[in-house]
Amino acid sequence: MPTDLTLPRWLVAGEPGWTTSADVVVVGSGIAGLTTALRLRQRVDRVLLVTKTVLSEGSTQWAQGGIAAALDPADSPEEHLHDTLVAGCGVCDVPAVTALVNEGPERVRELVALGAEFDLDDEGELKLTREGGHHRDRIAHAGGDATGKEISRALIAALHAVQDDPGIEVIEHALVVDLLQDGDDRVCGVTLHVIGEGQMDGVGAALARAVVLATGGLGQVYSATTNPSVATGDGLAAALRAGAVLADVEFVQFHPTVLWLGEGSSGQQPLISEAVRGEGAFLVDRDGVRFMQGRHPLADLAPRDVVSRAIVDRMHETGDNHVFLDARHLGREFLESRFPSIVARCRELGFDPATDLLPVAPAQHYASGGVRTDLVGRASLDGLYACGEVSCTGVHGANRLASNSLLEGLVFAHRIADDISARLATGELPQADPATPTADTALLDGSARVQVQATMTTGSGAVRSAASLADASAALVELAAAATSGEPGPQSWETTNLLHVGQALTLAATLREETRGGHVRSDFPEQVDPRWRGNTLLVRGADGAVTTTFVPVPEQDLA
């Protein structure tokens, strides 16, 4: 369906001053990017891994809760599948989830063999816990609440072990500006801006036979998020401008328990992991009433969209801007041993989980949609792959099940590496020369970032309506009209990416006239019409116009 949204093909940037090449360019250094690069290097001659800051600052390191897999003999992939489908509210891709839950246990064991040190029980087995939406203890964790950091450490250590190999190159402080395509629209590289010395300073071109986007999330499109500052949707925006199909970008997960730091607090906010509730903490309002009881059979461990919506409802009823998480009964010794990072961070900010109620409110946490991919990570554009949060494999549906994100990155990184190496071996992805960029460019000044974030928070945030979305769309159009004033550079590129992602998200949220998972419409509060059981697809055409398609999903047994 045609829409009124048009987007430019390119960001304003200088001509590439240097060129490098590889068989495959992998963009991103979280679990998805690092795993893809390491596995590819076992099979192809030359891999280039680029990351926006340094290797250790990918989004993976912020993952507190853990990684989900059916590792307990009492558990099964079928049960993990069921819990994932229920959390996804009927719009998951069942074959993708099936691949996730069946391959997940082996992938986690491979992480252990690689050197990741997960927490163990007294018998030396992986210590498993439970989080929201799970009916079994299947969350493996490390350092209590530092799982992502440990996984990132192990992967980076493995990468450093092969960095002396001339077949793998790492470029840090590299921001992807746009995707390069040949005359047939096949992706054949990226333009990068690198902060460095000599020829690697400034804008350059990295050419490749395949490009893997593993650029993480879009959290900075909102005023408050648990995402790091680098999560500005760069890969998603670049793919959108190049004509890749995006799916379900309206499904944005707001984590229910983010530490509330007062009115006006913005940027990355402290997350209180779902695992805290998994160990017995619970939510209360200002009068100490446990409002999740009776709201859902799993009460405080209901899926995240259910808990977030319950918190928003209770805040509306009481007129408060937060509720409370009560973990005091767990005891100081247990909290300090099980959640050392969370306890330390809370105390830095003036709260002690052992003695204080913790003020919490929902904040943006995870993008369930993204670049649409198939079961081996291929995007709609030949030569382009996507993995991790930037992708939409269909695993998460309308709402990601807790701790499935690290597993998705791990499983699909393996699938992508296997597919690319097989295609390269048969000559299916020859190196191509990029076509000359057109003059269809735009760039918004970096100072407009706060306006983009405020617009998205109020109009396309945790609770939306036709009126709020229309206001957001109009405000973003007005900002887009001014997208000729920016000076090329990281701040302007990131801000323009946030604008383009925000416009796509707001369009998709406007079209979906229902509440489902992470998409909450106050004017359509119920999920009752089966015609909305499907995926919203967006694509930018050669003329810049964005069109939408709705693809129904077969009914799933969620009983």
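Got a sec? How would 378, 464 order by Cβ neighbour count within 10 Å, fewest to most?
Starting with the residue having the fewest Cβ neighbours, the order is 378, 464.
Please report the antiparallel percentage of DSSP beta bridges with both residues in the chain, rounded to the nearest 5.
The answer is about 65 percent antiparallel.
Between the range 393-429 and the range 5-58, how far is it from one alpha carbon centroid to the other, in angstrom?
Measuring centre to centre over Cα atoms gives 16 Å.
Which order results if 51, 438, 36 are arranged by neighbouring Cβ count within 10 Å, fewest first?
Lowest to highest Cβ neighbour count: 438, 51, 36.
Sort the following peptides by mean Cβ neighbour count (other Cβ atoms within 10 Å, averaged over residues), highest first: 352-362, 547-557, 235-245.
Taking the mean over residues of other Cβ atoms within 10 Å, the ranking is 235-245, 352-362, 547-557.
Would you mind ranking 171, 416 by Cβ crowding within 10 Å, fewest neighbours first?
Listing 171, 416 from fewest to most nearby Cβ atoms yields 171, 416.
Counting helices only, and only those DSSP H runs with n ≥ 4, report the 222 nm mean residue ellipticity of the chain as the sum of -39,500 (n - 2.57) divided by its residues, in deg cm²/dmol to the nearest 500.
-10000 deg cm²/dmol
Which value, in debye to the nearest 20, describes the size of the charge dipole of the range 438-529 about its Cα centre when Lys and Arg Cβ atoms bear +1, Asp and Glu Cβ atoms bear -1, and nothing else is charged?
Computed about the Cα centre, the dipole is about 160 debye.
For percent of Cα pairs over 31 Å apart, one of (i) 43; (ii) 49; (iii) 60 was computed from the structure I shared and the rest are decoys. Which label?
(i)
Given axes a ≥ b ≥ c from the Cα gyration tensor, I'd like to know whether the range 257-361 is rounded (a/c under 1.5), prolate (a/b larger than b/c) or oblate.
Note, shape of the range 257-361 comes out oblate.
Relative contact order of the chain, please, whole-number percent, based on alpha carbon pairs below 8 angstrom and at least 6 residues apart.
23
Which of 141, 444, 280 sits closest to the plus end of the dipole of the chain, meaning its Cα is farthest towards the positive end, when Lys and Arg get +1 and Asp and Glu get -1 on the C-beta?
Going by the charge dipole, the pick is 444.
Taking 8 Å as the Cα distance limit and 6 or more residues as the minimum spacing, I'd like the relative contact order of the range 65-125 as a percentage.
Result for the range 65-125 is 33 percent.
Going through the DSSP H helices of the chain, which span 30 Å or more along their own axis at the Cα atoms while scoring at least -1.0 as a mean Kyte-Doolittle hydropathy?
TM-like helix candidates: 404-425, 490-511.
Picking from 486, 503, 233, whose Cα lies most toward the positive end of the charge dipole for the chain (charges on Cβ: Lys, Arg +1; Asp, Glu -1)?
503
Relative contact order, percent, of the range 295-374 when contacts are C-alpha pairs under 8 Å separated by at least 6 residues?
Result for the range 295-374 is 32 percent.
Values in this text are rule-based calculations from the coordinates and carry no lab data. Every value quoted in this text rests on a predicted model; they were computed, and no experiment measured them. All Cβ positions, even for glycine, are placed from backbone atoms using ideal geometry, and neighbour counts span all protein chains on display.
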